[in-house]
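For reference, the structure is listed below as structure tokens.
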Amino acid sequence: MDKQQLILQAARTMFSQYGLKKTTTDDIARDAHVSKATVYKYYRNKAEIFDDVVDMESRQLLEMIRSAIERETDVVGKFRAHLLTKMKRLNELIVVYRVTQKNWGEYWPHVEEARKRLIENEKEIVREILRYGVKSGELSVPNINLTAHIMVMSLKSIEFPWAIDGFNVSLSKYVDTMVNMMIDGLRKR
């Protein structure tokens, strides 16, 4: 692992434990086993490090989703893989979700751009699935861009574990119900 990756991994750990304000560049350097000068070789300040950690986590999530989708052969399987992977992995994304959920105001300037990029990438993934469904004859979608936008934005409500708390239903059952609701409205008749 190169030094920049060591810095990002250390920063991810530090931000998850102490937050953005309480984590110092010295803490990150010490945890990464590099000098403070090495940290400054890659980053001007702690906010830039945080931005890169958020981007790293977003890329990891998108890679996991794409990989899961590629293994599926039908539209329902692809949407199910998308949602299950996303929901399972959100808890692992320490900085993007867990930390920011607690102190949103503190992190907003740093995550807003990454959040927008993540949403746009997710819309592209959903557009690809919709195109696949139309091409395979499984779906009839008159406006793929609008449909992808509505689906992604609607699914934002279930991203956090507290969104399904109290329903006493497994994540798998929750996702299956959601996918069936989405697909039944788009299924070619």
Computed label-point distance, nm, for sites residue 9 and residue 89 using a 7 Å Cα→Cβ extension: 1.9
Dipole of region 1-89, positive end: most advanced residue of 47, 1, 62 [Cβ charges, Cα centre]: 47
Long-range HN-HN contacts of residue 139 with modeled amide H, under 5 Å: 134, 188
Modelled FRET efficiency - R0 35 Å, residue 140 with residue 16, Cβ distances, 0.05 increments: 0.20
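Report the extension gain between residue 128 and residue 37 in nm, rounded to one decimal, defined as 0.36 nm multiplied by the number of residues separating them, less their alpha carbon distance.
Working: separation 91, 0.36 × 91 = 32.76 nm, distance 4.39 nm.
Using 0.36 nm per residue and subtracting the Cα-Cα distance, I get 28.4 nm.
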Solvent-free Debye scattering, log10 I(q)/I(0), computed from the Cα coordinates of region 1-44 at q = 0.19, 0.21, 0.26, 0.29 Å⁻¹: -0.46, -0.56, -0.85, -1.03
Extended-chain gain in nm, criterion 0.36 nm per residue less alpha-carbon gap, residue 73 and residue 60: 2.4 nm
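Bear in mind these aren't lab numbers, they're just calculated from the coordinates by the rules spelled out. The model shown is predicted, which means the values in this text are computed figures rather than measured ones. Methodologically, a virtual Cβ is constructed for each residue, glycine included, from the backbone with ideal geometry; neighbour enumeration extends over all protein chains shown.
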